[in-house]
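A.B. asks: Please read through the structure below; I'll follow up with questions.
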Amino acid sequence: MRSAFPRDPVRRLTEVAAEESERQVSAWEARAGEEVDVLADVMRAGMRIAMRSLFGATAGAEVDEIGEAA
């Protein structure tokens, strides 16, 4: 039986998710001792993961604009 999820795209998604997660943790570490909006940061990280995995695009300020529109 053939899998519903081909391995290469799933592998790429996990790589992107890991990279973006590491990026977010590094950003938090750089702000140690400061108050952070975890929900907003996680939403932006999720948007970056989606944009990179689905469209192959990196996201910058666009993530904030999309988040505000939602």
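The values are calculated or read from the model by the stated rules, or taken from the named source; none is laboratory data. Keep in mind that this is a model prediction, so the values were computed, not measured. Reconstructed Cβ throughout: ideal geometry from the backbone, glycine too, with neighbour counts over all protein chains shown. Surface accessibility is based on the protein's heavy atoms, side chains included, excluding ligands, DNA and RNA. Shrake-Rupley method; radii C 1.70, N 1.55, O 1.52, S 1.80 Å.
A.B. asks: Within the range 53-68, how many residues turn out to be at pLDDT below 80, part of a helix (DSSP H, G or I) and open to solvent by 40 Å² or more (accessible area, probe 1.4 Å)?
C.D. replies: Adding up the residues that qualify gives 7.
A.B. asks: Ok, one more. Which one of the conditions (1) at pLDDT below 95; (2) open to solvent by less than 60 Å² (accessible area, probe 1.4 Å) does Ser3 fail to meet, given that it meets all the rest?
C.D. replies: (2)
A.B. asks: Please go through the range 11-32 and give me each residue that is open to solvent by 90 Å² or more (accessible area, probe 1.4 Å) and more than 19 Å from Leu54 (Cβ to Cβ), ordered by number.
C.D. replies: Scanning the range 11-32 gives Glu22, Glu29.
A.B. asks: Next up: Of all residues being open to solvent by less than 40 Å² (accessible area, probe 1.4 Å) and under 14 Å from Pro9 (Cα atoms) in the range 36-52, which is farthest from the chain's Cα centre (by Cα)? Just the residue, please.
C.D. replies: Our first condition is that a residue be open to solvent by less than 40 Å² (accessible area, probe 1.4 Å); within the range 36-52, this holds for 40-41, 45-46, 48-51.
Okay, now just the ones that are also under 14 Å from Pro9 (Cα atoms), so 49-51.
Details: Ile49: 3, Ala50: 6, Met51: 8 Å.
Per the stated criteria, the residue is Met51.
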